[in-house]
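Engineer: The structure that follows is given in the form of structure tokens.
Each reported figure results from applying straightforward, stated rules to the coordinates on display, with no laboratory input. Computed from a prediction, not measured in an experiment: that's the story for all the values here. Don't worry about glycine lacking a Cβ; one is built from the backbone with ideal geometry, like all the others, and counts go over all protein chains shown.
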């Protein structure tokens, strides 16, 4: 399915249960000058199918918060619950198991494996998620992002926009409950960035996936249902207009 | 996903990644080098052992004072071994003119089973190899035997009840044995003639021997079967027991080959480590992505171990094939020069090589790979949250030690291995410290410099850890190349020179005291070189510090000599050698003193012909028995001459032109025996030259391993260097700045690595010569000048060539590729 088709897809049924919550989360690291606090007393929650943008200046801690919410790291203090599971109580491997079942990622620098083709990159994520019909699902996901003709291309043979489409196909192929996107248009020019944003929101709506989007681009953030502002490690949510 | 699936996918998918190929190449080269070297050295070693069998004329000898039972000979037949019987005895032979004591050897067809006899039609005629033995009724005689009995070829000798026609002159028998001091000349006859000579009566000292030879396993099986059947005063003698000049030369030869193998091991290990570190560095993003997508640490670890196992399997297969081809090629190249047929390669050696590769991978490649499991998934969002890759804990020393133990066991030379491994470890440490210090200095200099200098110096100090590793690896690689290319050649040349051209090749024994001076004068007149004339007394060792010594083949009747200064080829290792005029002192050879348990300060009493000589041990000497000089276990102060009955013994080199003059002289001294050991010395020279040729080919493999280490070391930081170069080119720096910066960086690395490698090669060469080959090696100025320059240019040149693409590729492409 192409991008334009995607926007006409039937929306997934709305889900109202909570998919993500954070309660009084702190995160600090040891630095040469002493202990450095990156996140300070952060609380938030997100329901299934909801979209949340986290905006803020560079170094404000928004990407770190994304990593904590996705279970890539554990907070120094506070609790995070993802898909009904307290992340603090899980080991790294248990968090990995939770991610492969429920979570998708899109990164600023795409993070495609350079030695694998577009199709192989998508297949690998599905294999890790231990799903069946890996090839069929990967083909379908790439078709949805309009890259059926680029299946056997390596990342270096693809443009930045195309690489991010592969990354989006990879993220949605396993049908996650929640997608974490870190500056998904940050490495792209305006026109490519817009196209990727359209694709991301279209697929999000189609799959009924919750989305946590980190960006410093207010225009992109405004496409989300909610916007939270990160400033020097503190989070404040903008009231809906 | 299951780990097997993930590992095979990683392997297949990553097969397009250069870094994985580098790791595979490291393992393949390691396996190929090790298998080629160990297979070949094992074959050469076994062949040389068989050649050492020449000193027995067989692979195994059953020797005894009683006749050997027929069923034992049949046992040899059953084991498909060739066999031959021999009888040896000392008896007086008569000619029509004279009589003398001879060592008679009766041999049966097939003798010698190893090596060949050389005979000549006449005395002084050219000798030729023969596969025959004397026919019944005929005898072959040693040249001096002709002189002693005053006969010629065709004359008769009388042995017991037989008359034997002298048919040929015997110039060389492989199992001559007895060293240069075998007093009686040899008469070689047919076995049946000895049996029927009437000489084998009771009371005759006869040595019966059964010689066997054949496939190694069959010889072993035969030995095992015969061992329990041995009677009193019968024993099995193996080729390795051959304790003589040839044996010593072979031992040194084997050590040369072992040096090649161990150098290859060290280099291979360094190559594998460098490649693994580079591979893992390039995999950190992949691991972070896998973890972010939900792969567990356990799955990743299992996948990585399986991945390594695949690599090992590939490397073992490819490496063994290459190694096999390599050793076969060496054999082909050498076949024209090798007189000895090589036995077939052994599967056990190949299995050992496979185990070696597995342990090498476990010890050197697994630690960095396993370190990947600690990559935090957050790396995918923020690289600064990733930890520095480390090489892990001390526990990894176990597989490393095991990997290095395999070649050590295969080469069974602990001293050599410790020297090589210890030397390399020390050099690695010295290199690492020097590199670290240099990094500190360059950091200071970088701040004060500008342009290309700043770029080059800053590049070095910024990658401090990588630069230290790189310089260490470069130094080790260079050192091995220098050891192989310069030190090896110098060692071989100097080793050969340690047996100079005019090494004594003739001995004269049994000269009476009044004959010594005129005989010496005559020898000088005929141009004899390296002449030594020394007194020798045969005495009973009566007591050591008042106690009777234990019965031992070293005690009882002993030969001793006196001298007023330390003789050549002797070095005092304990106590002090006496000054001229001293009395009542004894100097012992290290070997004899250790064996008998005598130390400096002990007193010893000797008795000869009713005269007693009593003295105190004041020094222990290390004697170079390979020098072919006249040497004695026991030296005493010269006043012994007045007390002990004695004779004189002389050693000298006889120029070719003096052959007839020497015969003439010998006829004038019928009581003295002249022994020609020229053939034996020639044999030692032949072995040295043959093995040095073999070693050159073996070293070529090590050379390739050394070059791979150099390339791996230079490649280690290439990716980072490419990115940095692209960056400063983007910022507007010209190619000249980048080029000069790279040159400066490589030159500094080369300077440190080449200096230390040159010094290291000289020190290791000197240690090897001193500890293993027992001669004093003098590193030449050539090593220091050429070696340093070549090393320097090699590193700068290779680094330069490897980075040409940095300048050719548009910076945008490099930066985009990350």
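Engineer: Given Cα pairs under 8 Å that are at least 6 residues apart, what percent is the relative contact order of the range B:52-141?
Structural biologist: Here the relative contact order equals 24 percent.
Engineer: How long is chain A along each principal axis, judged by its Cα atoms, biggest number first, in Å?
Structural biologist: Principal extents (largest minus smallest coordinate, Cα): 51, 40, 39 Å.
Engineer: Suppose only helical runs count, i.e. DSSP H with n ≥ 4. What mean residue ellipticity at 222 nm does that imply for chain A under -39500 (n - 2.57) per run, divided by all residues and rounded to the nearest 500 deg cm²/dmol?
Structural biologist: Result for chain A, helices only: -10000 deg cm²/dmol.
Engineer: Calculate, in nm to one decimal, what residue B:770 and residue B:622 gain on full extension: separation in residues at 0.36 nm each, minus their alpha carbon distance.
Structural biologist: 52.0 nm
Engineer: Let me ask you something else. What nm value, rounded to one decimal, do you get for the distance between residue B:309 and residue B:92 when each label is placed 7 Å out toward the C-beta?
Structural biologist: Here the answer is 8.0 nm between the modelled labels.
Engineer: Tell me, how many Å apart are the Cα centres for the range B:645-679 and for the range B:508-580?
Structural biologist: 18
Engineer: Note down the nm distance, to one decimal, between modelled labels 7 Å out along Cα→Cβ at residue B:736 and at residue B:579.
Structural biologist: In this crude spin-label approximation the distance works out to 7.4 nm.
Engineer: Ignore the peptide's own chain and count Cβ atoms of other chains within 10 Å of each Cβ in B:291-304; give me the average, rounded.
Structural biologist: Average neighbour count from other chains, rounded to a whole number: 6.
Engineer: Using a Förster distance of 45 Å, how high is the FRET efficiency between residue B:559 and residue B:116, based on the Cβ-Cβ distance and rounded to 0.05?
Structural biologist: 0.85
Engineer: Something else: At R0 = 60 Å, how high is the FRET efficiency between residue B:432 and residue B:158 if r is their beta carbon distance? Nearest 0.05 is fine.
Structural biologist: With a Förster radius of 60 Å, E is 0.15.
Engineer: Follow-up. Test of understanding: extend the Cα→C-beta vector of residue B:232 to 7 Å, then name every residue of the range B:69-96 with backbone N under 20 Å from that spot.
Structural biologist: B:69-70
Engineer: If you don't mind, another one. Extending each Cα 7 Å along its Cβ direction at residue B:663 and residue B:224, get the distance between those two points in nm, one decimal.
Structural biologist: So the two model labels end up 5.4 nm from each other.
Engineer: Could you list the residues of the range A:201-241 with an amide nitrogen less than 14 Å from a label point located 7 Å from the Cα of residue A:31 in the Cα-to-C-beta direction?
Structural biologist: What the label zone holds, given the 14 Å backbone N cut-off, is A:232-234.
Engineer: Then there is this: What residue among A:207, A:79, A:111 shows peak mean-square fluctuation when chain A is described by a Gaussian network model with Cα springs under 10 Å?
Structural biologist: A:111
Engineer: Would you mind checking the tilt of helix A:160-173 against the longest principal axis of the Cα atoms of chain A, expressed as 0 to 90 degrees and rounded to 10?
Structural biologist: 80
Engineer: Can you list the equivalent-ellipsoid semi-axes of the range B:506-653, largest first and in whole Å, using the square root of 5 times each Cα gyration tensor eigenvalue?
Structural biologist: 26, 17, 14
Engineer: Kindly express, to the nearest 10 degrees and within the range 0 to 90, the angle between helix A:118-128's C-alpha long axis and the longest C-alpha principal axis of chain A.
Structural biologist: Value to nearest ten degrees: 50.
Engineer: Can you work out the FRET efficiency for the pair residue A:191 and residue B:793, with r the C-beta to C-beta distance and R0 = 51 Å, to the nearest 0.05?
Structural biologist: In this case the efficiency is close to 0.45.
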